[in-house]
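Okay, structure first, notes after.
Each reported figure results from applying straightforward, stated rules to the coordinates on display, with no laboratory input. Because the structure is a prediction, the values reported are computed rather than measured. Quick reminder, even Gly has a Cβ in these numbers, built from the backbone with ideal geometry, and neighbours come from all protein chains shown.
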Amino acid sequence: AQTVTQSQPEMSVQEAETVTLSCTYDTSENNYYLFWYKQPPSRQMILVIRQEAYKQQNATENRFSVNFQKAAKSFSLKISDSQLGDTAMYFCAFLNQAGTALIFGKGTTLSVSS
Amino acid sequence: AAGVIQSPRHLIKEKRETATLKCYPIPRHDTVYWYQQGPGQDPQFLISFYEKMQSDKGSIPDRFSAQQFSDYHSELNMSSLELGDSALYFCASSLYTGLNTDTQYFGPGTRLTVL
């Protein structure tokens, strides 16, 4: 069974700084997908970024980028130039190639302060 | 762009009552997923449907049932409600491409409170 681990329950950062959220996973599959979702206080689940395991290039979306290390089964999220609106719970999620159930980590609460 | 619509947004029920949650996927999306998120927890997968057929099943209690209709909307029916069913219920939708798994986009959730 696949598992997703987020070892940082809480993190804090100042505005304009850079922060990295960690995520490791375990799977025996070779083809799969990894995601970061953001859940602000409104509780809406918002897609931040997606990475296909067969792609060596790390995904980037504006201020958000990932460091995907397939051999190490690591998938960290880097947020550059942090903004107050980035304050949220961040979930790392795994999806197998069959593409049904997302498996989430326990989440990391990120607080951005001015 | 149109998003996933869930109704109602908030629902309060008594123990042993029934509840029906509705989900309207993004237009053209043919796959629907249901997740349950308890307080302070990560979302847990309940069930999914593709083209009106159940495609996967997770930790969904026998008291719950769901279906997907011809217009692709889905309903989650919950009976004999228990206090522990109080949670945020998310619906997500995606478009099956046949080659690659597409991203799941989440609705705003239905907050169910069981008293």
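Tabulated data
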quantity	calculated
DSSP beta bridges in chain A [antiparallel fraction, %, rounded to 5]	85
5 angstrom amide H check on B:S86, placed H, neighbours 5+ away	B:V114
Estimated FRET transfer efficiency (A:E15, A:A72; beta-carbon r; R0 30 Å; 0.05)	0.45
For peptides A:101-109, A:73-81, sequence by mean Cβ density within 10 Å, most packed first	A:101-109, A:73-81
Karplus-derived 3J(HN,Hα), 6.51/-1.76/1.60, for each residue of segment A:99-109, Hz, glycine and proline x	x, 10, 7, 6, 10, 9, x, 6, x, 10, 7
Whole-angstrom gap from segment A:41-109 to segment B:17-56, using each part's C-alpha centre	21
